[in-house]
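Just so it is clear, none of the values below were taken in a lab; they were calculated from the coordinates. Source: prediction; values computed, not measured. A quick note on method: Cβ atoms are made from the backbone with ideal geometry, for glycine too, and the neighbour counts reach across all protein chains shown.
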Amino acid sequence: MSEYNDEIQDTGDTPILAEKSIMIADLTEEEARQLACEEGIICVEEDFEVEGCSENETNTLPDNIPEQWNLDVINADNQQYKLGNDTVKIAIMDSGITIDSQYSVEERINFVPGDDGLEPLYDDLSGHGTSIASITGSKDDGEKLTGINPNAELYSLKVLDIDKKGTASRVIEGIYWCINNGIDIINMSFGTLNNSKALEMAIQDAQKAGILMVSAAGNGTDIEYPAKYDEVIAVGSLNTEGLKSEKSSSGNEMELVAPGEYIPALDWLGNPILVDGTSVAAAQVTGIASVLWSLDKNMSSGFIRNLLTASANETGNTSDYGNGIIDLDYALSIYDDYKNLYSSDENISNINLFDNKNEVPVYDESIIEASWSINNHKDAIDNNGLSAEAARIIKLGVAFPDNYKFGLDQQNKTGPFHGFRNYVANYVYLAKIARKCYTSGMSEALKVPYPISTSGSGNLATAAKKAQSDMLEYLNMVNTNPIWRSLLNDKITQENQGRILIGFAIHTAMDAYSHQSYKPDKTHIKDSNKRDDDEFVPLRYDTAKAVASSIINPWHNTHTFNAMQFKQDKIHTKGAFYLRNFSTRVKNTDPSTWSSNSTWFNDRTVDEDDSNINEN
C-alpha cells in the first residue's frame, strides 16, 4: 500500500485503530476501488456520519404530569428497589458529559478532533450525552431528578461534536477502547442509515468480549445502524399514551421500547429539561440493564439481554414494539426463577416463559399540551426562549477561547478569557461588548469602555489597561479571521457575532471557577485536578454553570451585566469553596453591587498578594 502513504492519515494519535489495522485515508473513488482489490484488504468504505437520535428539548416540566412519569411506565423508581452490590461500567458513547455533582464520571475519553483542550465544564456543549448520562445514572439530590442506576460507573466516550454529529471511525475507535478497558455496557444513542463492514466487525468483537450494547432505533422510518445489527439491542420510543412515537423508527430488528417523549433529563448546565427521541428511550434500557447486572456480575451479557426480553411488557406488533416495554420491577420479580432456567445455549423464544401483560400506565397527551405548548417551545432551551440556532451559536462561543488562541497563549494575552486577572471586570466587559455587537455591529462594540478606569499610573489602572489591550488584540484577530465564516456557515450577521461573543463572556466567568478556586481549607485547587470524584470539583462546577445560566437570562431580557451574575446563594454556599480576591474584584468592578452584598462576597474570598494583577 506504499502508493497510498500520502493519502493515509497519521494514525499515531489513534493507536486503537492502528492496532486493528484500520486506517483513514483521503482517496478518490478510483483509488478506493483499486485499494479494495488489493490482497489483505477486508473493506474500503466511506467514513460516513452518525448523528444523535434526540429531538426537541425544553426545561418546562408540565404541571399535570407526574414527575419522571416514564419511571412509572417502566417500573423503575429506584426508591422502590434495591440496587445490587456489583459495580457495572457503562460507556456513554455520545457528545461527552458535562461535569456535575449529580453523577460521577470515572474517565473521559475524547475522540473528537479539536476538543482535546476543553475543560470538563465544556465537555458537552450540545447537552445530548449529558442528558443520556443523567437519565441513566444521576444521583438523588432531592431537587432535580434521579437516574435509574445512581451506582453505575459512567465513562464518557466523546464521539459526537457540538452538533451531535460524528464519524463511523470515531465510533469504531470507541468500541475498541471499551473492549480494551473492560466496559460492561455501551449506550449508543445515535444512528445512521449507512451500513459499515468495519463497524459491524467492531460490534461483533464487542459482543465476543461480553459487552452488552444498547442503541437508539432512530427517529425516522427504518431502524438505523448500529441498532440494526443483531448484536445490538434496538430501542424504540413510546409516547405518553403507550403508543409508538410518531418519529420512532420501526422494523423487524426492534427489540424493546421505552418512553421517549417528555422525558426529564439535565441539560449541559445542569438544568431540568424534557427531551424527546429514541436516544432517551435507549438510556432507560441501559439503566435497567445495569441494575439487573449489578445483582450478579458473574452472569453474562447474554443473560441480561434475554432477561430484559423475557420480562418486557408485551404489547402491539413486533415491528413497532419488538418484545415489548421494558419493565424493571417485573424483571426483578422473576430474576431468581429466570436465572435457574437460563442456559446460554437456548434461544430467547425457548426461554421466554414469563408473560408480562400487566397494565401499563398511560397519560393523556392533551393534558400535557394544556400546560406546555409544543409548538411554542419546541426550539427552546433553558428558561429564556432562545431559539435552538441562537443557543448553538452561543455554545460555539463558549468553546471558542479554548479552541482558538491564535498563537497568543504563550504571551499571556488570552488569560482574560480564561478566568485569570480581574475575572469579574473581564466578564462584564465582554458581555457588554457582545450586546453592543448584537445591536450595533463589531466596530461599535470595540469602542465599549472597560469597567475599570484605564487612566492613571496606579496598579489598578495599569492592570485594566493591560486587560483591555490584550482582549482587544484577540477580538480584532477574531474579527479579521476567516474562522467567523466557517463557524457561522457564512451567516456572519452582527447578531450571530454578538451571540458568539456572549459565549466568550460565559467562558470567562465559568473559567474563574476552574482557575481561581480554593478548597474549604483555603488551599488552591490545581488546574490539573479535574477528577469528578473529588467532592469539591463538582460543587464549584455546579456554581460555574449556575453563573452561566444567570448570564443567559439578561442576555435575552434585561441586558444588565454586572457582578450579580456571580452571586449564587443556592450553590455557592459559605465555606464550600472560595475564589481568589473575589471581594476585591467585585468592589473594583461594580461598587454598588459590592456595597449591598459585601458580606456575601467577603465570606467567599481568599485574599492573596495582588501586586501583579497582570499575571495569570
How long is the gain from Leu341 to Asn553 if the chain were fully straight, where each residue apart is worth 0.36 nm and the alpha carbon distance is subtracted?
70.6 nm
Set Lys405/Lys465; Lys165/Lys244; Lys82/Lys164; Lys208/Lys339; Lys413/Lys447; Lys436/Lys570, cut-off 23 Å on Cα-Cα distance; pairs above it are Lys165/Lys244; Lys82/Lys164; Lys436/Lys570
Per-residue HN-Hα couplings for segment 583-589, Karplus 6.51 cos²θ - 1.76 cosθ + 1.60 at θ = phi - 60°, whole Hz, x for Gly and Pro?
4, 5, 4, 5, 4, 6, 8
In this structure, the FRET efficiency calculated for Ile492 and Ser469 from their beta-carbon separation, with R0 = 35 Å, to the nearest 0.05, is 0.85
Which whole-Hz couplings ³J(HN,Hα) result when phi for each residue of segment 152-163 is put into the Karplus expression 6.51 cos²θ - 1.76 cosθ + 1.60, θ = phi - 60°, listed in order with x for Gly and Pro?
5, 9, 8, 10, 9, 10, 8, 10, 9, 8, 4, 8
Point-to-point label distance, His524-Glu359, nm (Cα→Cβ direction, 7 Å offset):
6.5
Quick one: which residues, 5+ away or cross-chain, put their amide H under 5 Å from the amide H of Asn110? H built at 1.01 Å from N.
Lys158
Once you have the Cα-Cα distance between Ala461 and Thr480, take 0.36 nm times their residue separation minus that, and quote the gain in nm to one decimal.
4.0 nm
Apply the a/c threshold of 1.5 to the C-alpha gyration tensor of segment 393-435 and tell me whether it is rounded, prolate or oblate.
oblate
I'd like the antiparallel share, as a percent to the nearest 5, of DSSP beta bridges with both residues in segment 124-270.
15
Sorted by chain and then number, the residues having a modelled amide H within less than 5 Å of the amide H of Thr605, at least 5 places away or on another chain, are Leu579
Gyration tensor verdict on segment 447-562 (Cα atoms; rounded if a/c is under 1.5, prolate if a/b is larger than b/c, oblate otherwise):
oblate
For segment 192-273, which GluC sites (Glu not before Pro) are both in a DSSP coil and crowded by at most 16 other Cβ atoms within 10 Å?
Glu241, Glu246
Sequence neighbours fewer than 8 away in the same chain don't count; with that in mind, list the lysines whose C-alpha is under 18 Å from Lys158.
Lys89, Lys395, Lys530
With θ set to phi - 60°, apply the Karplus curve 6.51 cos²θ - 1.76 cosθ + 1.60 along segment 236-241 and write out the HN-Hα couplings as whole Hz, x wherever there is a Gly or Pro.
x, 10, 10, 8, 5, 9
